[in-house]
Structure formats: structure tokens, C-alpha cells
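The next block holds one structure in the form of C-alpha cells; read it before the comments.
The values are calculated or read from the model by the stated rules, or taken from the named source; none is laboratory data. Here the structure is a predicted model, which means the values were calculated and not measured. Cβ placement follows ideal geometry from the backbone for every residue including glycine, while neighbour counts extend to all protein chains displayed.
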Amino acid sequence: MNYELLTWLVPVPPLIAFFVIVLFANRSNKLSHSLAIIAAGLSWLLSMFIFVWAIGPKGVLQKPLVSSINWLPTADTFLKIGVQIDALSAITLFFVAWTVLMIFVYSIGYHNYGQPKGDHDQPGLPPHGATVESANAQSHKVMSIEPMYARFFAFISLFAFAMYLLVVSNNLLTLYIGWEIMGLCSYLLIGFWYAKPSARAAAIKAFLTTRIGDVFMLIGLASLYTIAGSLQYEVIFSEKVLQSLVQNASPFFGMSWAALIGLLIFIGVVGKSSQFPLHVWLPDAMEGPTPVSAMIHAATMVSAGVYLAIRFFPILSAGWEGGTVLTTPMLVMSIIGSFTALFAATIALSQRDIKRVLAYSTISQLGYMIAALGIGAYVAAAFHLVTHAFFKALLFLGSGSVIHGMEHGVYHEGEHIDPQDMFNMGGLYKKMPITFATFVIGGLALSGFPIITAGFWSKDEILSSAFNGSFLVVFIVLAVSAFLTAFYTMRQITLVFLGKPRTNAASHAHETPITMTLPLIVLSFFAIAAGWVGIPKAFPGLGGLLPNWFSDFVGSMLHGGEHAVEHHSLIPLFTSLFVSLGGLFTGYLVYRRMEKKTEDPMVWSLGSIYKMLENKYYIDEFYTKVFINPAKWIAEKVVYIWMDLKIIDGILHGISNFGLWTGNFLRQKFDVPVINRGGDNLAKSTKFIGSEIRITQTGKVQDYMFLALALSLLGSVIFLIIIF
């Protein structure tokens with residue numbers, strides 16, 4: 001089988017589906033989702049063929065698959081683009097293919113799950129949850145679906161294409177193209193319900209915030225191309241180029257080019273993967289449909305940022321010889337990642353919206369991965385990227401199922417409540433058993449529940465790497481973050497599913513259709529089984545029962561075949577057990593008696609701190625006052641009034657007035673006397689000549705013959721005079 005050709009074809013089906021849906025199938029909902037599902041299925045099938053080959057004995061461990069073609073001519077050379085499959089791209093392709101396919105299947109049920117028809121079923125307005133009151137006034141018997149159905153499947157198909165393109169690229173140019181297409185798709189899908197002001201604002205916020213990082217990233221790519229003369233991985237990650245980047249100083253504070261370029265690329269990662277201080281866009285991205293949230297948080301957008309950081313690790317760590325003396329980019333990553341993990345986890349403690357809790361959880365878990373890379377735990381970071389993709393996709397799709405179930409109760413009861421507020425739920429384990437079971441699996445995986453969940457193995461790998469590498473501050477911060485993660489996860493599970501219904505809407509919720517629950521079941525399997533491939537050999541009791549395949553496979557990409565740090569101490573293991581079980585138990589104790597819709601118990605214990613957490617440390621307000629309002633003031637008062645009205649408009653008006661004066665001057669001095677009068681005089685002269693000559697036209701033949709004879713004689717005389 002030609003795996004090189006298969007790799008080239010992986011991103012193609014979703015791209016074709018996008019164009020076909022937009023151009024031809026946009027009036028048929030069934031055809032639109034059929035094309036999207038078929039395209040996702042084809043890319044999944046191609047990805048599975050490639051993955052199975054890649055992990056086999058003749059796969060990428062021997063030699064990565066690399067295929068390039070000449071694209072743009074650059075003098076006597078060409079800028080090449082191509083595809084590459086190595087250990088990192090193979091495992092990324094695996095989880096992207098599975099999560100994308102499950103999200104596509106789920107989307108059919110999500111947008112076809114019937115709801116009462118109301119004023120909200122108009123293009124640009126969300127049919128679910130955002131305008132519940134308008135729906136309550138309508139008949140509860142009329143069923144409807146998403147009014148922009150085909151548009152949705154076109155956009156998520158383009159989203160999937162961009163991620164596939166990014167993963168299989170063998171160069172930073174096409175990776176950047178996929179990166180930017182994802183930025184566009186996030187804008188289109190977060191603001192999918194564009195008639196809703198909060199959705200429009202969230203889309204703009206996401207687009208502009210990520211653009212900040214992308215500008216720095218583009219500068220880093222341009223610098224790298226200038227030095228290396230190429231953007232292909234096999235060139236820029238070669239020993240020769242890496243040594244050159246380390247040894248040559250940049251003009252920026254004497255840092256090496258490796259450090260400067262690494263920092264510039266990392267700023268792009270900060271924007272895309274929503275790390276502090278560019279984290280503010282991701283929670284607001286919940287304004288989009290739930291499948292979009294799952295795509296952003298698990299399959300594409302934020303995963304792409306961490307993937308880039310892992311892919312770029314040779315440059316980020318260039319010059320690092322192991323130990324606690326880190327390179328500048330690694331030091332920055334360890335600080336930003338650790339802080340973000342704890343920072344976002346504290347905010348999640350106070351959120352009431354079921355999707356916003358998961359959004360801050362994603363920010364925290366991404367911080368885990370970035371911190372792991374910062375301390376050199378390359379394999380652990382990649383491992384957590386994979387496991388997180390599965391259980392976070394499961395949790396987001398599960399939250400969408402819960403919201404749909406709640407909305408059914410809202411419409412049934414005519415109750416004016418927010419169906420996404422966890423304090424309006426309760427007791428859903430009886431109403432939605434499949435959603436409950438799968439959500440608990442995802443929640444336990446997120447919490448790192450010992451042994452049986454994938455999240456435990458990847459989190460424990462990171463904590464173990466931090467402890468055994470003597471990065472004690474990182475270890476403590478991540479351990480506290482893990483405890484808070486377990487706490488708010490159990491808070492969420494308890495508020496949503498356990499106890500008794502706290503509203504009439506929760507009492508009338510019911511399970512969602514098979515198209516929504518089947519993807520939950522599939523993802524639940526991976527939320528458990530994905531951890532089996534990375535059990536450390538030194539793990540007490542279980543180590544060695546299954547081969548630590550993930551460490552061997554992904555670790556082969558590092559120089560010298562370095563693998564993940566194995567357990568050499570029981571302290572990180574006991575810490576993992578304590579923070580997971582302790583956080584879950586504490587969360588249950590605090591929220592187990594929430595049988596009525598009352599105030600959050602955390603308000604009593606935290607007081608004013610809770611208010612600060614609920615308002616996200618007022619970061620958004622700070623940005624509004626420090627950056628947004630001044631920018632608006634400058635735009636309105638300085639740019640518009642002074643620059644636009646006075647300078648630009650003044651110049652344009654001056655040019656206009658000068659042109660008008662010049663026109664009037666030329667009209668008086670040239671147009672009227674020369675053009676107009678000259679033309680008039682020419683006409684008068686012609687008329688006069690015609691009038692004078694007219695008298696010779698008698699109409700008599702003998703007069704004309706006489707005149708001809710006279711002219712002939714005159715001509716003969718003139719001719720003879722000239723000759724003689």
C-alpha cells in the first residue's frame with residue numbers, strides 16, 4: 001500500500017465536503033450532513049491505515065515517512081511543501097481522527113434533536129437555550145432543527161481539514177496555513193449564531209486574541225527561515241541548524257536565535273492554546289454550538305497549539321543538557337504552564353455554567369502539558385495531549401447532551417431558567433443514564449482517578465517527571481491544581497446528576513437520541529483504555545504487565561532515544577492518589593446536600609474570594625479598562641476625529657478643492673475661450689464658406705461644363721509654365 005499517497009489524501013475529503021456543501025448541497029440538510037460524515041469517515045479510515053502502519057515493525061521507528069514537492073520558485077531553488085508521518089504525527093492523527101468523527105456523528109443528533117418551534121428558529125439565532133422565553137409562548141408540539149444546518153457542517157468540515165493539514169505537514173509553512181484556517185473557522189463557528197450579540201462578541205474576541213500570538217509566531221517563522229533557509233522539519237531540526245541557532249546571538253538582549261525564535265513560537269502557542277495571559281477567549285467560545293466547543297477543546301484548535309510546542313521541542317530545548325538548568329523558552333513555559341494550570345483551576349471552582357467549568361478545565365489541563373514540556377517531560381506532555389483529547393471531547397459532548405435534556409424540560413414546563421446552569425439541574429442520573437455513566441467516566445479521567453482512567457496515567461507521568469527531575473515548585477503547583485480539578489469535577493457531577501431535581505425542568509429531562517449517546521460510549525472507551533499504552537515499567541504492581549508502548553514509540557523522536565522519566569519514588573504516586581481521591585471526596589462532601597436551588601456552599605467558606613473567582617479575577621475587566629477602552633478612545637477621538645476627519649479628510653478635501661479651483665481656472669482661461677469659442681468659430685467659418693460657395697451651385701449642366709473647361713485650361717497653362 002502506498003502510505004505516502006494515503007498521507008497526502010488524509011486532509012482532502014473534508015475540504016471537498018466543504019466546497020460541495022457550500023456550492024451545491026446547502027439546500028439539503030440530509031445531503032449536507034451525509035457529505036460531512038462520509039468525508040470524516042474517509043479521513044478516519046485513511047488515518048487508521050497510516051497509524052497501524054506507523055506503529056508496525058516497518059513503520060516510522062525505522063524512518064519517518066517524508067514526501068515533498070516543489071511549490072514556489074525562489075530564484076534557483078524552490079520552496080517545498082509536503083507531508084510527514086513520524087511518531088508524534090501518528091499519535092496525533094489517531095486521536096484527531098477519532099474525536100473528529102465522533103463529533104461529526106454527534107452533531108447530527110445535536111442539531112436534529114427536536115425542540116418547540118419559536119421565534120428563535122431564525123437564521124443567526126440559536127434554536128436551543130438562548131431565547132427560551134420566546135419559545136415558551138409557542139406551541140410545544142411543533143418540532144424544528146437548526147436553521148443553518150448545512151452551513152454548520154460546511155464550517156466544521158473546513159475545521160477538520162485545517163487540523164489534518166497541520167498534523168500531516170512536513171514544514172512550518174503549510175502548518176501555518178492550517179493554523180490560520182483554524183483561526184478563521186473558530187471565528188465562524190464561535191459566532192455561528194451571529195444574531196446573538198454575545199456570540200458575535202465572543203467570535204471577535206477569539207479572533208483578535210489569537211491573532212496577537214499569531215503575529216509573533218509569524219515573526220518567529222520568518223526569522224527561522226532567514227537563518228535556516230528552509231521551513232522543512234528535517235532541515236530546521238537538523239543538528240547543524242540547531243547548533244547554529246544556539247551559537248549565534250540574536251540582536252534581542254543577546255539571546256541566542258534558538259531562544260528568541262522559541263519564545264516567538266511559544267507566544268503563538270499561548271494564544272492558540274489559551275494560556276495566561278491570552279486565555280480570555282476560550283471560556284467565551286462556549287457561545288458556539290456544543291460540537292464546536294468539543295472541536296476546539298479536544299480535536300483541533302487548542303490541541304494544535306500544544307502539538308506545535310511538542311513539535312518545536314528540539315528548538316525550544318536547544319542547548320539544554322538535562323538537569324534543572326533550563327533554556328529560556330523552557331523556563332518561560334514551565335512558569336506560564338504551571339501558573340495557568342492553577343489559575344484556571346481556581347476559576348473553575350465558582351462557575352455555574354456547565355460548559356464554562358469545562359472551558360477553564362481545558363485551560364488548566366493545557367497548562368499541565370505546557371509545564372511538562374517546560375521541564376523536559378516531552379513524552380508525558382504528548383501522552384496527556386492524547387488522553388485529554390478523548391476525555392475532554394467526551395465531557396463536552398456529554399454537557400451538550402445534558403443541556404439538550406434540560407431544554408426539553410424547560411420547554412415542557414415553560415420554566416424561565418438557564419438550562420446550562422448546574423444549580424438548575426440535579427437528579428439527572430435517573431433521567432439520562434447513558435449520559436450520566438459516560439460523563440462520570442470522563443470526569444473521573446479528568447480528575448485522574450487511579451488505575452482505571454487514562455487521565456491518571458498521563459497526569460501521574462507529569463507529576464513524576466516534575467518530582468524526579470527536582471522541579472519541586474512545578475510539582476507542588478501542579479499537584480494543587482490536580483486536587484482542585486478533582487474537586488470541581490465532583491462538584492459538577494454532583495450538581496448535575498446526583499441528588500434530587502432542583503427545578504421542574506430537571507424533573508422532565510430525558511435521554512438524548514442514539515446519534516448523541518453513541519459517540520459518548522465510544523469516547524468513554526478511550527477515556528479509559530488510552531492510558532493502558534503508557535503504564536510505566538517501574539509502576540508498583542502493574543508495571544511491566546503491559547508494555548510501555550507510548551513511551552518507547554514517542555520517546556524515539558528525542559535525540560538519543562530518551563524516554564519518559566520512570567518512577568523512582570513513591571512520593572509522586574501517593575501524591576497522585578491523594579489529590580485525585582481527596583479532591584473527589586471533598587467535592588462530594590461539600591455538594592452532596594444540594595437538594596434545593598440554593599446559594600453555592602463555597603460562597604460561605606470563601607466569602608469575597610469566591611466573588612473574585614466568579615468574576616475570573618477581573619482579568620476581562622482589567623483588559624477592558626487598560627487595552628480595549630483606550631483603544632476605542634484612540635479610535636474614536638484621536639484616529640477618527642483628528643487623524644480621519646482633520647488630516648485624512650482634510651487632505652482629501654484639499655485635493656478636492658484644488659481640483660475644483662483648477663477646473664474653474666481652466667474653464668475660464670482655456671475651455672471657454674479656446675475649446676468652446678474655437679469650436680463655435682470653426683462652425684461659423686464652415687457655415688460662411690458653405691454659404692459663399694453655395695452660389696456656384698446653379699444646377700445647370702452648361703455652367704458646370706464651362707467651369708470644368710476653364711479649370712482645365714488654367715491647369716494646362718500652369719503646367720506649360722512650369723515645364724518651359
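Within the stretch 52-67, can one find any residue that is assigned to a helix (DSSP H, G or I), modelled with pLDDT of 85 or more and either under 22 Å from the mean Cα position of the chain (by Cα) or buried (at least 22 other Cβ atoms within 10 Å of the Cβ) (or both)?
Within the stretch 52-67 (the criterion being assigned to a helix (DSSP H, G or I), modelled with pLDDT of 85 or more and either under 22 Å from the mean Cα position of the chain (by Cα) or buried (at least 22 other Cβ atoms within 10 Å of the Cβ) (or both)), the answer is yes, since at least one residue qualifies.
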| So, of the residues in the stretch 144-164 that are surrounded by fewer than 24 Cβ atoms within 10 Å (Cβ to Cβ) and not in a helix (DSSP H, G or I), which turns out to be modelled with the lowest pLDDT? | S144
| query | If we keep just the residues of the stretch 513-547 that are assigned to a loop (DSSP other than H, G, I, E, B) and free of Cβ contacts under 8 Å to residues at least 24 places away in the same chain, which is surrounded by the fewest Cβ atoms within 10 Å (Cβ to Cβ)? | reply | G541
| request: Please find, within the stretch 14-60, the residue that is farthest from Y149 (Cα to Cα) out of those that are touching a helix residue (DSSP H, G or I) at 6+ places or on another chain (Cβ under 8 Å) and hydroxyl-bearing (S, T, Y). | output: S47
| The one condition in (1) over 31 Å from the mean Cα position of the chain (by Cα); (2) over 14 Å from F436 (Cα atoms) that A509 fails to fulfil | (2)
| F252 is checked against (1) under 26 Å from P64 (Cα atoms); (2) hydrophobic (A, V, I, L, M, F, W, C); (3) outside any helix (DSSP H, G or I) and fails just one. What number does that condition carry? | (1)
| message | Looking at the stretch 386-402, can you tell me whether even one residue there is within 26 Å of H279 (Cβ to Cβ), in contact (Cβ under 8 Å) with a residue 60 or more places away in the chain, assigned by TED's automatic domain parsing to the domain that holds S551 and more than 24 Å from the chain's Cα centre (by Cα)? | response | yes
| request: Would you mind stating whether F627 is surrounded by 13 or more Cβ atoms within 10 Å (Cβ to Cβ) and modelled with pLDDT of 90 or more? | output: no
| field | Test for G414: is it more than 20 Å from the chain's Cα centre (by Cα), assigned by TED's automatic domain parsing to the domain that holds G534 and modelled with pLDDT of 95 or more | value | no
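Residue-by-condition table, conditions (1) closer than 24 Å to Q365 by Cβ; (2) more than 30 Å from the chain's Cα centre (by Cα); (3) among the β-branched types (V, I, T); (4) in the same structural domain as S399 (by TED's automatic domain parsing):
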residue: L242; (1), (2), (3), (4): no, no, no, no
residue: W257; (1), (2), (3), (4): no, no, no, no
residue: I267; (1), (2), (3), (4): yes, no, yes, no
residue: G271; (1), (2), (3), (4): yes, no, no, no
residue: L282; (1), (2), (3), (4): yes, no, no, no
| field | Residues within the stretch 639-672 that are surrounded by 11 or more Cβ atoms within 10 Å (Cβ to Cβ), more than 27 Å from N629 (Cβ to Cβ) and among the aromatic types (F, W, Y), tallied | value | 2
| F78 is checked against (1) closer than 30 Å to A309 by Cβ; (2) in contact with a Gly (Cβ under 9 Å, 6 or more places away or on another chain); (3) aromatic (F, W, Y); (4) at pLDDT below 90 and fails just one. What number does that condition carry? | (2)
| said: Condition first: charged (D, E, K, R) and at pLDDT 85 or above. Now tell me which residues in the stretch 681-709 satisfy that. | reply: K684, K687
| request: Determine if the stretch 86-96 includes at least one residue that is in contact with a Phe, Trp or Tyr (Cβ under 6 Å, 6 or more places away or on another chain), closer than 28 Å to A381 by Cα, in a helix (DSSP H, G or I) and aromatic (F, W, Y). | output: yes
| For residues in the stretch 412-438 being in contact with a Phe, Trp or Tyr (Cβ under 7 Å, 6 or more places away or on another chain) and surrounded by 20 or more Cβ atoms within 10 Å (Cβ to Cβ), which is farthest from F497 (Cα to Cα)? | F436
| field | Failed item, numbered, when Q275 is tested on (1) assigned to a helix (DSSP H, G or I); (2) buried (at least 22 other Cβ atoms within 10 Å of the Cβ); (3) not charged (D, E, K, R) | value | (1)
| Out of F19, F49, which single residue is part of a helix (DSSP H, G or I), among the aromatic types (F, W, Y) and under 21 Å from D86 (Cβ atoms)? | F49
| query | If you check G409, G442, which single one turns out to be part of a helix (DSSP H, G or I), crowded, with 24+ Cβ neighbours inside 10 Å and modelled with pLDDT of 95 or more? | reply | G442
| request: Starting from residues that are touching a helix residue (DSSP H, G or I) at 6+ places or on another chain (Cβ under 9 Å) and surrounded by fewer than 24 Cβ atoms within 10 Å (Cβ to Cβ), keep the ones in the stretch 457-474 and report whichever is nearest to Y360 (Cα to Cα). | output: V473
